[in-house]
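Structure, as structure tokens:
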């Protein structure tokens, strides 16, 4: 089982990093464009879901890059954003409402949203299962939860520091059944913007997410993995889609 004391300690450390490092959000604003989100929107289309005229919640909205893409591609939508810090206005002005809240202890009305996004955020939570339960709570019956996150079940993800690499090996071969068993990372936090998931906290895996979503009564409409970079692995992308070993997880689940 997870070390809750360590999880809380690392969580505090990462939150402080977000508050002090404005470059982090500038990096997301610049690099998270339509091409970046395209696989996620493709998965939504595969699920048969339509985002037009929907009420949407973007959890861990950061720079607001996802909110901007949604505004540009879907009509008559209402989007709210949630993040742990009071971000600059330019990051959250795209949202109808912006809530400063801990996504692991979400305090919003039940059954309010048609769609909830957890895009590239679950690995940054010390207690990812709490975030998923909170997202389910605010979803309407029949609403969808869209998850894109790092998949630490993939050998491609095992790369940041020797201690994290050892944890990566154990995540691949002994991933545990649920997100409550996700291993804790030692985040590599610097004042520079670094590629990858240097600020990740939990080694969430594709199999843990699928199991955990089913365990709380969510129906998986789309569940697959893929790999974004690494040219050699792109050749094997059709294998990654079905094997669960791609570096990114994409899940669309219905309440």
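Worth pointing out:
- Scanning segment 24-38 finds one or more residues that are in a helix (DSSP H, G or I), more than 17 Å from residue 101 (Cα to Cα), in contact with a strand residue (DSSP E or B) (Cβ under 8 Å, 6 or more places away or on another chain) and touching a residue at least 60 places away in the same chain (Cβ under 8 Å).
- Tally of residues being within 18 Å of the chain's Cα centre (by Cα) and assigned to a strand (DSSP E or B) across segment 42-57: 2
- Residue check for residue 65: within 18 Å of residue 124 (Cα to Cα) and surrounded by 19 or more Cβ atoms within 10 Å (Cβ to Cβ): yes
- Selection within segment 68-101: residues that are crowded, with 23+ Cβ neighbours inside 10 Å and within 15 Å of residue 118 (Cα to Cα). The member of this set that is modelled with the lowest pLDDT is 83.
- When residues of segment 107-127 are limited to those that are at pLDDT 95 or above, over 12 Å from the mean Cα position of the chain (by Cα) and surrounded by 13 or more Cβ atoms within 10 Å (Cβ to Cβ), the one farthest from residue 144 (Cα to Cα): 108
The values are calculated or read from the model by the stated rules, or taken from the named source; none is laboratory data. This structure is a prediction, so every number in the text was calculated from the model and none was measured. Every residue, glycine among them, receives a Cβ derived from its backbone with ideal geometry; neighbour counts consider all protein chains shown.
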